[in-house]
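Notes to accompany the following structure.
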């Protein structure tokens with residue numbers, strides 16, 4: 001198999017030797033006549049890739065999970081080999097919140113017609129948050145050309161400076177909230193003042209979001225403060241992964257967050273607010289048998305020429321409380337409440353096609 005970090009060569013056919021990688025990794029004895037030494041070469045190539053890679057069979061059961069996949073997702077091969085990728089593991093969603101495990105799965109499509117597919121999605125990290133990745137699916141065929149499974153390669157897309165996947169300088173540590181990995185209150189106050197001043201001088205724009213985790217006290221009461229700390233980081237990293245590279249996510253205090261978006265238009269603000277709401281709603285932390293989930297309420301506003309730092313934060317805070325009063329898990333802007341899509345997140349650890357009454361996309 002001709003393969004590089006960018007993916008298989010155009011038109012390449014993945015042979016059944018690929019399946020041996022998953023069998024070896026899972027500790028299952030293999031027939032050396034059926035799987036020759038070539039599999040060792042393939043395994044070495046995949047192990048050296050920075051991209052993630054995994055194989056699935058026709059039932060979408062994971063048979064191989066590369067070191068790159070472990071690094072990007074936090075899931076070890078022992079966590080996932082033998083499971084479906086939708087068994088409470090990756091569960092890809094699009095920017096609009098569409099659940100690809102329900103319809104539009106790239107690997108399912110590849111196995112149906114053999115055509116390569118590429119998609120930009122958010123996958124689920126073991127620590128709960130979502131990560132923006134580009135995925136590419138390729139068919140695996142036997143010597144007679146029959147499709148026996150598929151390969152997915154994925155790599156992380158450009159992320160905000162406060163995302164866990166982004167390398168920071170040690171000099172920035174003083175401005176990072178240790179719990180969540182995003183900007184701390186001191187950083188947020190200083191950046192807000194400078195952005196307000198810059199906006200006045202250049203007649204530019206500044207969008208501000210005030211965000212609060214819904215019913216966060218219940219998480220601490222039911223699951224304990226350690227899990228509550230994990231949930232805080234899960235939300236903070238969702239903010240970082242759902243924002244532009246030059247935006248600023250800040251932990252304002254407790255379960256409250258502030259987002260600063262310099263140069264953002266009203267449309268960009270609304271899209272970002274809904275995207276952050278969707279990412280948090282579609283995230284969870286697996287605590288024993290429980291999927292610990294939360295939602296957020298978002299107040300979003302555009303700074304005016306008359307605003308100082310206190311005024312714009314107060315207005316975003318009031319809009320956030322309007323979202324709470326309207327039922328939570330909502331985004332409210334200066335122009336009113338944004339409509340919430342009807343697509344529901346997938347709950348539980350079963351793949352949707354194994355459920356007796358799967359949710360509708």
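Only the coordinates and a few stated rules stand behind these numbers; no lab work does. Bear in mind that the values here come from a model prediction, so they are computed numbers and not experimental data. Cβ atoms come from the backbone with ideal geometry, glycine included; neighbour counts cover every protein chain shown.
Distance between the pseudo-spin-label points of residue 289 and residue 173 (7 Å out from Cα toward the beta carbon): 4.2 nm.
Considering every pair of different Cα atoms, what Kirkwood radius, in Å, is found for the stretch 83-141? Let's see the in-between values first.
Details: mean 1/r = 0.0842 Å⁻¹.
Result for the stretch 83-141 stands at 11.9 Å.
Backbone N atoms of the stretch 182-214 closer than 19 Å to the 7 Å Cα→Cβ label point of residue 334 belong to residues 192-211. When both the stretch 289-322 and the stretch 47-68 are represented by their alpha-carbon centers, they are found 40 Å apart. Put simply, the C-alpha atoms of the stretch 170-337 give a gyration tensor, and the ellipsoid matching it has half-axes of 27, 18, 13 Å, longest first. Hey, how many Å between the Cα centroid of the stretch 213-252 and the Cα centroid of the stretch 118-196? Result: 16 Å between the Cα centres. The modelled label-to-label distance between residue 127 and residue 246, using points 7 Å beyond Cα along the C-beta direction, is 2.7 nm.
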